[in-house]
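To start, the structure itself, in structure tokens.
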Amino acid sequence: MQIGMVGLGRMGGNMARRLLRGGHEVVGFATDPAAVRALVAEGGQGATTLDELAEKLEKPRVAWVMVPAGAATEQVVSDLAKRMEPGDTLIDGGNSFYKDDVRRMKRLQPLGLHYVDVGTSGGVWGLERGYCLMIGGEPEVVRRLDPIFRTLAPGLGAIPRTPGGERLGGTAEQGYLHCGPAGSGHFVKMVHNGIEYGLMQAYAEGFDILQNARTPALPEDLRYELDVPAVAELWRRGSVVGSWLLDLSAMALAENPTLSNFTGHVQDSGEGRWTILAAIEEGVPAEVLSSALYTRFRSRQEHTFAEKVLSAMRHKFGGHVEPPAGG
């Protein structure tokens with residue numbers, strides 16, 4: 001198939017390359033001319049403007065938007081819609097809020113334009129490993145785009161098939177799934193990222209406990225000088241807590257056992273917050289995911305006002321004195 005790719009950064013660029021390797025024709029546009037030149041050098045077509053992109057795409061056009069969620073995506077979708085005609089399809093593969101997808105679909109539908117939202121997971125490794133795709137949109141449009149999704153997805157690969165899973169049919173075991181109507185793809189991806197926050201926090205806290213098993217605050221016979229990178233590697237082999245996140249943790253610890261190249265300031269990209277909001281709207285308890293999100297907030301401050309209040313209360317009711325800085 002032919003597809004336009006708007007945004008050729010770490011994700012969009014590698015997705016365009018994977019599509020090229022799969023035999024598709026890709027027309028790429030990015031605000032960085034070097035990214036466009038790199039795609040052309042690998043067999044793609046380049047466009048210096050959205051007008052040129054629209055002109056180079058055959059009707060019915062398909063354009064995949066892979067730019068930061070929020071204002072940037074909103075602007076690109078609006079600008080592309082002005083250049084498209086009835087029957088054309090816009091795909092948002094970023095991390096948009098699912099309610100924005102529903103709003104955009106309702107705005108584009110009267111113009112005869114199709115809107116597909118694709119929650120995309122795979123990060124910088126997706127070029128080789130493939131991308132897990134969570135898709136929302138009209139069934140017939142999603143079916144027409146199947147060759148694109150099939151190429152981007154990992155396929156069966158080396159992952160064993162789930163016993164009995166073959167009876168379910170569909171494309172899930174290939175690494176892509178039509179989840180439902182507009183917004184459903186990004187809704188599933190939102191919850192996926194919320195779970196990711198919780199998993200990451202569990203690993204982080206566990207490794208912190210291992211690292212601090214040597215603390216002088218413990219009795220000498222209960223202190224352990226543990227080789228944390230070796231434990232991470234051990235757990236990758238047959239443990240029930242094995243996962244790709246553990247693989248990545250083991251890689252980072254092997255490179256730098258103290259992780260001194262990181263400050264511990266952890267950002268959140270929005271999906272964790274949206275997951276908690278969805279849980280509130282549904283009346284679903286999400287204690288672990290909420291706690292993981294709040295810990296990211298905490299990481300951005302050396303000491304919060306709340307911690308100062310706690311310290312002040314402990315001093316007032318029990319005369320407890322704060323340890324010296326660094327102590």
If K316 passes every condition in (1) more than 24 Å from the chain's Cα centre (by Cα); (2) surrounded by 10 or more Cβ atoms within 10 Å (Cβ to Cβ) but one, which one does it miss? (2)
Are there any helices (runs of 4 or more DSSP H) wholly within region 215-308 with 2 or more residues that are in contact (Cβ under 8 Å) with a residue 12 or more places away in the chain and closer than 15 Å to V191 by Cβ, and if so which? 271-282, 287-299
Filtered residues of region 1-31 (kept if of a type in the set (D, E, K, R) and touching a Leu at 6+ places or on another chain (Cβ under 7 Å)): R17, R18
Consider V266 against the criteria (1) buried (at least 18 other Cβ atoms within 10 Å of the Cβ); (2) hydrophobic (A, V, I, L, M, F, W, C); (3) under 16 Å from the mean Cα position of the chain (by Cα): it satisfies all of them except one. Which criterion is unmet? (1)
Give the number of residues within region 136-167 that are closer than 22 Å to S184 by Cα and either basic (K, R) or outside any helix (DSSP H, G or I) (or both). 10
Can you name the residue in region 1-44 that is open to solvent by less than 30 Å² (accessible area, probe 1.4 Å), touching a residue at least 60 places away in the same chain (Cβ under 8 Å) and part of a loop (DSSP other than H, G, I, E, B) and, of all such residues, is farthest from R150 (Cα to Cα)? G7
Could you run through region 197-214 and say how many residues are out of contact with any helix residue (DSSP H, G or I) (no Cβ under 7 Å at 6 or more places or on another chain) and either open to solvent by less than 60 Å² (accessible area, probe 1.4 Å) or not in a helix (DSSP H, G or I) (or both)? 3
Inside region 81-123, can you point out the residues that are outside any loop (DSSP other than H, G, I, E, B), under 20 Å from G272 (Cβ atoms) and not charged (D, E, K, R)? Y98, V118, G119, T120, S121, G123
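The values are calculated or read from the model by the stated rules, or taken from the named source; none is laboratory data. All figures in this text were calculated on a predicted structure; none of them were measured in a lab. All Cβ positions, even for glycine, are placed from backbone atoms using ideal geometry, and neighbour counts span all protein chains on display. Remember, those area values only see protein heavy atoms, side chains included, never the ligands or the DNA or RNA. Shrake-Rupley method; radii C 1.70, N 1.55, O 1.52, S 1.80 Å.
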